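The values are calculated or read from the model by the stated rules, or taken from the named source; none is laboratory data. Keep in mind the model is a prediction, meaning the values are calculated, not measured. Cβ coordinates were reconstructed from backbone atoms using ideal geometry, including for glycine residues, and neighbour counts include every protein chain displayed. We work out accessible area using only protein heavy atoms, side chains counted, and drop any ligands, DNA or RNA first. Shrake-Rupley method; radii C 1.70, N 1.55, O 1.52, S 1.80 Å.
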Amino acid sequence: MNGHVIVCGVAGIGMRIVDQLVASGEQVVVVGRTPDPRLTAAAARWNVPHLVAGIGIADALAAAGLSTAMAVICVEQDELWNLETALLARELRPDVNVVAQLSNATVGGAMNHGGGPGAVLDIADLAAPSVVEACLGIAVHDVEIADIGFVAAQLDVSEKSTLRTLYGDLAPVAVVSAGGGLIACPGRDHLVGPGDVATMLGTDDDFDRAHISLKRGAYVGERSVGPRRRDRVRAAVRGFVEDTNPNFFRMLGVLLTLLVISSTILRVGYTKPGMSILDALYFSTETIATVGYGDFTFSDQAVWLRLFSIVLMFAGVTTTALLMAFLAELLISRRLSQTAGKRAARFMTGHVVVIGLGAFGIRVARELKSRGRDVVVIERSANSRFVSAAATLGVPVIFGDATVTDTLVDARVAHASAVAVLTSDDMVNIETGIAVRGVLGDRWPDAPGRPGVPVVMRVFDRSLGDAVAHRFGFRNVRSTEELAAPWFIGAALGLQVLGTFSIGTQSFMVGRLEVAADGGLDGMAMHQLSANTRVIALRRTATGDVEHPPRRGTSFAAGDHAYVVGPYEELLGVLRRDRGLV
């Protein structure tokens, strides 16, 4: 092999990366960390060579043809292994593209700084912005192309006409029909009508010339003005009752019973002198608490009353000790920490509910907080390693099963502005999404006459995500693999990814490539490219000028920097064409 790609790891995103590379016609060698039947089955499915690094990473890379490879992609689930593989590949072959998945920002930054061609990427960081944009209803995406600020804006079509008539020279990126179908990079003469949503790309000046006012920023849900004092008191009492061990109230009842019995006996039986009801209650409390002040004493009383005082003191000490024990449990035990989130969310309105506190969930929560939004997290396990990170952000965490209605009610899903379902299990996400739909009721996005609450669902497999969206009516299904894979593939093949954004369930990518001398693009006219790819700008190497937008008859020249947008499968096709592989 020559010019092939070595993919280390096939679990998770590795499967998607190899799928796309093979579909694009690239030569691939798969390397696994340990013997795994999935590795053998996957290699057979793609009909690609595979080997196991049990012989040693350096030997495995050599056997995989590192000396003639174009790139090494390290996406094993064990990040320490990714780091070791990337370092060895760079040491053995300094000029090869090395792309590695690392979630540790410190180590990743050190690797990226002067580390040679390639990149260190984090799947959660790459995919989180798309989820945040869907939660906040952001329909305007800013991206810098050739040092020029461009905007991709989703616009509601109000009348039947062509894109050229409605939007002038703005570049069409996609059209989502009223029925849900998506057309990527349609021509300007494409006919659209009311109910369709067109995504158009241009500069701010381009939008001004088309008389379109861009509404940047996020959808802001209804904010609560705060509960009344009476409601707060009621909620505090109810919360105390719910959070406290039931035995606390039993012991409190026993204590009150002792006070009543003792006060009655002392009122009737205490002589020399006699006692009022208040005196009897005061002395009973002193005795039970064993803090007598000397103003009353049993020494001159009848024998039976002195014996009663002994029993009363022992019973009082025991009851008080148990009462304090249950109170201490409430204050210092895990019981309090596990209900703190429920109390903090009790009056929230217009917040975003994030379900799943993993590496992806905490990234989304952090981004939402940085945008000034209130966030509530639902997490099944109290032992999640990101609980402390959520506490640092000031995000309340409700521990419970999000597929259960009561847990969703505790998070006030019915009053939320958006819900993001981000656990690592597709089936749990689907079940949770259906449960959320039941809680939202007429605030579900498909309810007639209502804008609805965005429900963003994480589904790893793209085809499954499309099927779920179609069958259950989820408009915002996101695949982390689908969102992150373009960055890994682009970095490996020499396409600089400038940004990605989602339209419906389709991921679009903005990238830059350098036209190779004597390559497939050298001398080619714009109109000869794939219909599903849009060239936004062209920076001429000879003059340094930027052509925006290039005309249909404009031809590429060697050394030019072409800025393109479209589904990333199409952009990879353009890259292969430039390398003369198509």
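Round to a whole number: what % of the accessible area of the chain belongs to carbon and sulfur, probe 1.4 Å? Could the numbers behind the result be given before it?
Values: 14910 of 26830 Å².
With neighbouring chains kept in place, the figure for the chain is 56 percent.
Helix-derived [θ] at 222 nm for the chain: sum -39500 (n - 2.57) over DSSP H runs of at least 4, divide by residue count, nearest 500?
Numbers: 20 runs with 244 residues, N = 582.
Value at 222 nm, helices only, nearest 500: -13000 deg cm²/dmol.
Grab the beta carbon distance between R230 and R371, set R0 = 51 Å, and tell me the FRET efficiency rounded to 0.05.
Details: r = 33 Å, r/R0 = 0.65.
With R0 = 51 Å, the Cβ-Cβ based efficiency is 0.95.
Label D205 and A105 with points 7 Å out from Cα along Cα→Cβ: what is the distance between them in nm?
Taking the two extended label points, one gets 3.6 nm.
Two-decimal Rg/Rh of segment 1-53 from alpha-carbon positions, Kirkwood Rh?
On the way: Rg = 9.9 Å, Rh = 10.8 Å.
In segment 1-53, Rg relative to Rh is 0.92.
At q = 0.11, 0.13, 0.15 Å⁻¹, work out log10 I(q)/I(0) for segment 379-491 with the Debye formula, treating every Cα as an identical point scatterer and leaving solvent out; two decimals please.
-0.40, -0.56, -0.73
Run down the lysines and flag those whose C-alpha is under 30 Å from the C-alpha of K369, throwing out any fewer than 8 positions away in its chain.
K215, K342
Sort 250-256, 539-545, 480-486 for me by packing, meaning the mean count of neighbouring Cβ atoms within 10 Å per residue, highest on top. Show your work: numbers first, answer last.
Working: 250-256: 15.0, 539-545: 11.9, 480-486: 25.1.
Descending packing order for the listed peptides: 480-486, 250-256, 539-545.
Averaging over all projection directions, find the projected area of the Cα convex hull of segment 110-196 and quote it in nm² with one decimal place. Mind dumping the intermediate values first?
Values: hull surface 33.2 nm².
Spelled out: convex hull of the Cα atoms, projected over all directions, averaged, 8.3 nm².
Order 97-103, 340-346 from most to least packed using the mean count of other Cβ atoms within 10 Å. Mind dumping the intermediate values first?
Details: 97-103: 24.1, 340-346: 19.4.
Packing proxy ranking, top to bottom: 97-103, 340-346.
When N is the residue count of the chain, what does its C-alpha Rg come to as a fraction of 2.2 N^0.38 Å? Each step should come with its number before you reach the end.
On the way: Rg = 33.1 Å, N = 582, 2.2 N^0.38 = 24.7 Å.
Relative to the 2.2 N^0.38 Å estimate, the chain comes out at 1.34.
Using the Cβ atoms and a cut-off under 14 Å, what net charge is assigned to the surroundings of A420, where Lys and Arg are +1 and Asp and Glu are -1?
On the way: positive: R363, R366, K369, R371, R373, R458, R475, R478; negative: E133, E367, D374, E379.
So the environment of A420 carries a net charge of +4.
What share of the DSSP beta bridges in the chain is antiparallel, in percent to the nearest 5? Write out the running numbers ahead of the final one.
Working: 44 of 80 bridges.
So the antiparallel bridges in the chain amount to around 55 percent.
With the dipole of the chain worked out from charges on the C-beta (+1 for Lys and Arg, -1 for Asp and Glu) around the Cα centre, which of H527, P186, F326 lies farthest toward the positive end?
The listed residue farthest towards the positive side: F326.
Run the dipole for the chain about the Cα centre, Lys and Arg Cβ at +1, Asp and Glu Cβ at -1, nothing else charged, and hand back the magnitude in debye, nearest 20.
Numbers: 53 positive and 58 negative charges, 408 e Å.
Roughly 1960 debye, rounded to the nearest 20.
Within a Cβ distance under 11 Å of F386, other residues only, what is the Lys/Arg minus Asp/Glu net charge?
Working: positive: R363, R366, R385; negative: E379.
Net of charged neighbours comes to +2.
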